[in-house]
Amino acid sequence: MTRRGFLCRVPGARTIRAFLQRDQELAQLGVWIPRSVATIWNILRQQGLILDPPQRRRTRLSATQATGGDPNGFEGCFRSAKRRR
């Protein structure tokens, strides 16, 4: 069974930090253990273990596309408030 198998999921930076802090061998060797989750995240990124999310492609809409083809803009899309007298 792999180390990941008992977790039943891919461990994140918090889980990795918790395991590093509990590891007795690392404590005996005096290995530096990062305290910050952000530091662990950066190390994983530098090693290529975490990929950057893909960039979203955004397209601009023209005024007629944004209003659904209505040349008057958003008129008629909203109900007018009923006033009580």
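The values are calculated or read from the model by the stated rules, or taken from the named source; none is laboratory data. None of the values given here were measured: they were computed from a predicted structure. Note: ideal-geometry Cβ built from the backbone for every residue, glycine included; neighbour counts use all protein chains shown.
Residues in the stretch 1-28 that are at pLDDT 80 or above and in a loop (DSSP other than H, G, I, E, B): Cys8, Arg9, Val10, Pro11, Gly12, Asp23. The lone criterion from (1) in a loop (DSSP other than H, G, I, E, B); (2) exposed (fewer than 10 other Cβ atoms within 10 Å of the Cβ) left unmet by Ile33 is number (2).
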